[in-house]
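S.K.: Submitted below is the structure of interest, expressed as structure tokens.
Values quoted throughout were computed directly from the atomic coordinates according to the rules given, and no laboratory measurement underlies them. Model, not experiment: these values are computed from the prediction. Glycine also receives a Cβ, built like all others from the backbone with ideal geometry; neighbour counts cover every protein chain displayed.
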């Protein structure tokens, strides 16, 4: 903790006396003559050797200095306080209307920041959602910082989210009284009270806590603007209108800190006995401190209940908010108080946003979900953000519910919206999402070279961004829509994504998406569509889910159906996917046979539609079988043809295929121990435009392969540069095994 804020040894009254005497242009001798006090007494006051003048002497000094109005009241009150404090030897809070709170847990960084801010004085707004622990933090800060403010601390609950917020005028009356202003000298109007308050704090070093503020209008009259004092305001709003204020937003606890908070209530031994259940419990609480305190209190007062038992109850979303209530602590009530200060349109939007199933959303989805005009939704969302009911995340900006707030909004929707209205808005949202998703996916079809005027996306990259940013929404909409019987829309949507998927196999749950397409195709009793979805689902079971044995079963089913209905494209697709899956399972002979069949079927079919993919599968199977020369010839010829036919498809597909084929050519050269040619092929693949976009291999993977090739060539410097680049890019647990491989390669390089 830094040094106390402001000098502690000097009398604030003496400093104030000196300031007024200087302003009046009086010497100590002149003031002594005018007031009837001795020069020595004045000198003792100004130098801090005396706490304050006696009551009669204070009045005489005020007369001699010509003090009137607020200046006189402040001068007299300050002298009175200093005499009392000197007599009782205390420097305590003059008003402390906040509740006693438990020890703060997991807010050490925030307390350090508040301590630093205290050095500069001014105003700090501690803002955050309901239940996040704003009051707890403010009280903890007051305990830490109180000794740094020589004239004590003031605290006041402004009741900003209650039914009867405290008016600024009443708050000022209480603060002025606590500062020692006699009732008869408190001005009648809010403006006069605010002026007197600022005058009083100008010469004081005070810590002021304004808890639970409603808005800027309530707070502004209570801000003194003194550099010697610190005002901490807690509020659910950001209070952007307080322009000179510092801001300290607080959010949910980390999982580790939330578990520590739980342990502080129920005991370390209880948490240590059920560590996994404790982690899940705080996760079900969304790491919200209020919710964690509630479940902790429930466990602490009912020792027969295990953590796992409570977790079991809270897994049911319908019961979760009911579980988060004990004594006078209620998560639902904390959320509800925020709604009462919103208009009906904002409350309606809040509950309707709960129908968006994804992890986050943008203004467009919000407008459709709530039935709000596009030019009005921004202001509505701003109000919800201001009340901390939704959060702003990411770049570009997205909006997000806390899990518990979403459950509360969903409850409000069920309670306050007629079923017909709920269904209408849900259907409009789902139709909008599926329509946009279908349009986005179709831009990746190999037959698309230009974007039509009626397409909602102006570029393939824009469509890609939409699909990536909204994956949690469109994937859930797809699953729910097929249950609603929207089979045509679901099939069209899923089919449109089949050429968007390659190079993006991970992180999307594609097998679940194509399973929805399969359900839709079977409901439509369309065997061609069923064969298409079986082939796609089988491939993604292997490529996305790692369920290769199940993938083989589904792909054989797809092949049998395709043969039965004489569907050549699906015979090709099934053989191709079977080849790639067999290769991954270490069955090279089967892989080559299936892939060769696909390759032969593709001979007279469209290049970018079928033949390219079948040839890729065949080449990959040849590599797996160790047929490196044949694979090299196949990939080299395919690369030339892809470039020659580049005007027949879109640039994105050509660029991706060039990078992939260059990498496969590098693999072929490596298999033949032609290491320099391999390195150059990998380098060329890395140099392809848009390498940062979805690719079969990331630039880090290609850099690893290039580094290995240069090591085998004997070019240590190039090898080290490539491997160092790869190591820097391969962060996070997902890349752990590949990072270890890079480290092993680096260890092989001579120093």
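S.K.: Taking 0.36 nm per residue of sequence separation and subtracting the Cα-Cα distance, how much length would be gained by fully extending the chain between residue 305 and residue 243, in nm to one decimal? Present the calculation step by step, with values, prior to reporting the outcome.
M.R.: Values: separation 62, 0.36 × 62 = 22.32 nm, distance 4.95 nm.
Roughly 17.4 nm would be gained on extension.
S.K.: Could you work out how far apart the two model spin labels at residue 469 and residue 432 are, taking each label as a point 7 Å from the Cα in the direction of the beta carbon, and quote it in nm?
M.R.: 1.4 nm
S.K.: Work out Dmax and Rg for the range 12-88 from the C-alpha atoms and quote the Rg first, both in angstrom.
M.R.: 11.2, 35
S.K.: Compute the distance from the alpha-carbon center of the range 250-299 to that of the range 492-562, in whole Å.
M.R.: 41 Å
S.K.: Once you sort the root eigenvalues of the Cα gyration tensor of the range 494-602 as a ≥ b ≥ c, which label holds: rounded (a/c under 1.5), prolate (a/b larger than b/c) or oblate (the other case)?
M.R.: Details: a/c = 1.75, a/b = 1.13, b/c = 1.55.
Oblate.
S.K.: Same structure, new question: What FRET efficiency, computed as 1/(1 + (r/R0)^6) with R0 = 45 Å and r the Cβ-Cβ distance, is obtained for residue 332 and residue 564, rounded to the nearest 0.05? Write out the running numbers ahead of the final one.
M.R.: On the way: r = 57 Å, r/R0 = 1.26.
Once the sixth-power term is evaluated, E becomes 0.20.
S.K.: When ranked by the protection proxy of mean other Cβ atoms within 10 Å per residue, highest first, what sequence do the peptides 227-240, 375-388 form?
M.R.: Numbers: 227-240: 22.9, 375-388: 18.1.
Top of the packing list down: 227-240, 375-388.
S.K.: Roughly speaking, what is the stretch gain from residue 116 to residue 713, that is 0.36 nm per residue apart minus the C-alpha to C-alpha distance, in nm to one decimal?
M.R.: Details: separation 597, 0.36 × 597 = 214.92 nm, distance 5.67 nm.
Here the answer is 209.2 nm.
S.K.: Related question: Could you estimate the translational diffusion coefficient of the range 580-691 from the Stokes-Einstein equation, with Rh from the Kirkwood formula over C-alpha pairs, at 20 °C and 1.002 mPa s, in whole µm²/s?
M.R.: Values: Rh = 14.2 Å.
D = 151 µm²/s.
S.K.: Just the number, please: Stokes-Einstein D of the range 304-401 in µm²/s, Kirkwood Rh from C-alpha pairs, 37 °C, 0.692 mPa s. Don't jump to the answer; show the numbers that get you there.
M.R.: On the way: Rh = 15.2 Å.
Estimated via Stokes-Einstein, D reaches 216 µm²/s.
S.K.: Continuing with this model, one more query. Could you rank the peptides 444-450, 673-679 by their average count of other C-beta atoms within 10 Å per residue, with the highest value first? Could you put the intermediate results ahead of the total?
M.R.: Numbers: 444-450: 15.6, 673-679: 18.4.
Per-residue mean Cβ counts within 10 Å order the peptides as 673-679, 444-450.
S.K.: Suppose we keep just the DSSP beta bridges with both residues in the chain; what percent of those would be antiparallel, to 5? Spell out each step's value before the answer.
M.R.: Working: 6 of 28 bridges.
Counting DSSP beta bridges with both partners in the chain, the antiparallel share is about 20 percent.
S.K.: Hey, another quick one. Between the range 172-236 and the range 10-52, what is the C-alpha centre distance in whole Å?
M.R.: Taking the Cα centre of the range 10-52 as reference, the centre of the range 172-236 is 27 Å away.
S.K.: Next up: Which of rounded, prolate, oblate describes the range 255-327, given a ≥ b ≥ c as roots of the alpha-carbon gyration tensor eigenvalues and a/c under 1.5 marking rounded, otherwise prolate only if a/b is larger than b/c? Walk me through the numbers before you get to the answer.
M.R.: On the way: a/c = 1.35, a/b = 1.25, b/c = 1.07.
Rounded is the answer for the range 255-327, as its axis ratio a/c remains below 1.5.
S.K.: Here is a follow-up. Rank-order 177-186, 53-62 by packing density, defined as the average count of other C-beta atoms within 10 Å over each peptide's residues, highest first. Spell out each step's value before the answer.
M.R.: Working: 177-186: 15.1, 53-62: 17.5.
Packing proxy ranking, top to bottom: 53-62, 177-186.
S.K.: Okay, next question. Compute and list, largest first, the equivalent-ellipsoid semi-axes of the range 95-249 from the alpha carbon gyration tensor, each √(5λ) rounded to a whole angstrom. Could the numbers behind the result be given before it?
M.R.: On the way: eigenvalues 108, 60, 41 Å².
The answer is 23, 17, 14 Å, longest axis first.
S.K.: Can I ask one more? Got the relative contact order for the chain handy, in percent, Cα pairs under 8 Å and 6 or more residues apart? Walk me through the intermediate numbers first.
M.R.: Numbers: 1159 pairs, mean separation 51.2, N = 751.
That works out to 7 percent.
S.K.: Could you give the length gained on full extension between residue 19 and residue 512, defined as 0.36 nm per residue of separation minus the Cα-Cα distance, in nm? List each step's numbers first, then the result.
M.R.: Numbers: separation 493, 0.36 × 493 = 177.48 nm, distance 7.61 nm.
Gain on extension, residue 19 to residue 512, equals 169.9 nm.
S.K.: Between residue 737 and residue 549, what's the calculated FRET efficiency when r is the beta-carbon distance and R0 is 22 Å? Round to 0.05. Please list the in-between numbers first.
M.R.: On the way: r = 22 Å, r/R0 = 1.00.
Efficiency for this residue pair is about 0.50.
S.K.: Using the Kirkwood radius over C-alpha pairs as Rh, can you work out the diffusion coefficient of the chain via Stokes-Einstein at 20 °C, viscosity 1.002 mPa s, in µm² per second?
M.R.: Values: Rh = 31.6 Å.
For these conditions, the coefficient is 68 µm²/s.
S.K.: Another question about this same structure. When all alpha-carbon pairs of the range 341-489 are counted, what percent fall beyond 27 Å? Can you show the working numbers first?
M.R.: Working: 2618 of 11026 pairs.
In whole percent, the long-distance tail amounts to 24.
S.K.: Okay, next question. Over the range 626-751, consider all pairs of different Cα atoms and compute the Kirkwood hydrodynamic radius from their mean reciprocal separation; express it in Å, one decimal. Intermediate values should be presented prior to the final figure.
M.R.: Values: mean 1/r = 0.0667 Å⁻¹.
Hydrodynamic radius (Kirkwood, Cα only) of the range 626-751 equals 15.0 Å.
S.K.: On to the next question. Between residue 109 and residue 651, what FRET efficiency comes out of the Förster formula 1/(1 + (r/R0)^6) with R0 = 41 Å and r the beta carbon distance, rounded to 0.05?
M.R.: 0.30
S.K.: In whole angstrom, how far apart do the alpha carbon centroids of the range 566-622 and the range 353-381 sit?
M.R.: Measuring centre to centre over Cα atoms gives 44 Å.
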